[in-house]
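Read the figures in this text as sums done on the coordinates, not as results from a lab. This structure is a prediction, so every number in the text was calculated from the model and none was measured. In this analysis, Cβ positions are derived from the backbone assuming ideal geometry, glycine residues included, and neighbour counts consider all displayed protein chains.
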Amino acid sequence: NAGVTQTPKFQVLKTGQSMTLQCAQDMNHNSMYWYRQDPGMGLRLIYYSASEGTTDKGEVPNGYNVSRLNKREFSLRLESAAPSQTSVYFCASRTSPGGSYNEQFFGPGTRLTVL
Amino acid sequence: GQSLEQPSEVTAVEGAIVQINCTYQTSGFYGLSWYQQHDGGAPTFLSYNALDGLEETGRFSSFLSRSDSYGYLLLQELQMKDSASYFCASSNTNAGKSTFGDGTTLTVKP
């Protein structure tokens, strides 16, 4: 099992460019999440998908869109990149949105720089 | 809204015990998780408390008091490899959303 995979690992964009960050999990998890982590900070939730076919905003959704393509894949799109979006982006998944077990599995991250 | 507070830095010596505290203010609180993150790496899950009390997993233990909106992570027999950032994260009843604290950087010295 690969777990959670993310592509690309690194990306440099110019202001105004667009791009899509890809995430896939092979653990048959229902819920998937996108976070951003700025230097010295915790993870902030951008968007999440509780189950296939649903998406919802997190704490910092402005400037982003998401697509839950199927149960495995959850992509994050920056339509017009801004320097404030320079960050490390982590995708995560967990088995179900509720329940007493709360472990999230994280991908290796995408390091994005917007010039 | 939801917010969590934890100390920004903690230093301890190899073999010692260290406690990292976390206080939270959340709506719809469901449970408290702890994650470890080494520099440049992805967060990895350590522990989860949904009920009051202590959960033990090897050298790591986590505690929750819902009445005090407080939890802690206890690391015993510290090793150099435990030097990392540790995050507490609250989850709420709404689709398992999590809110993370800003993290505590633990430095273990020889």
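Taking neighbour counts of Cβ atoms within 10 Å as a proxy for exposure, in what order, fewest first, do B:Asp102, B:Asp68 appear? Before the final figure, lay out each step's value.
On the way: B:Asp102 18, B:Asp68 10.
Ascending number of Cβ neighbours within 10 Å: B:Asp68, B:Asp102.
Taken about its Cα centre, the protein assembly as shown carries a charge dipole of roughly 740 debye when the Cβ of each Lys and Arg holds +1 and the Cβ of each Asp and Glu holds -1. Three principal axis extents describe the C-alpha atoms of chain A; from largest down they are 41, 29, 27 Å. With the convex hull drawn around the C-alpha atoms of chain B, the volume per residue stands at 93 Å³.
Got a sec? Which residues in the range A:8-45 would a label at B:Asp39 touch, if it sits 7 Å along Cα→Cβ and we count backbone N under 18 Å? Counting only backbone N, you get A:38-42.
Lys-Lys pairs in the protein assembly as shown that are eight or more residues apart or on separate chains and whose Cα atoms lie under 26 Å of each other come to 9.
When the alpha carbon coordinates of the protein assembly as shown are projected onto the principal axes, the ranges are 49, 37, 35 Å, largest first. Work out which GluC sites (Glu not before Pro) in chain B are exposed loop sites (DSSP not H, G, I, E or B, at most 14 other Cβ within 10 Å) and give the longest gap free of them. Of all site-free stretches, the longest is B:15-76. Counting Cβ atoms of other protein chains within 10 Å of each residue's Cβ and taking the mean over peptide A:38-47 gives 4. For B:Thr105, the shell of other residues with beta-carbons less than 14 Å away shows a net charge of -3, using +1 for Lys and Arg and -1 for Asp and Glu.
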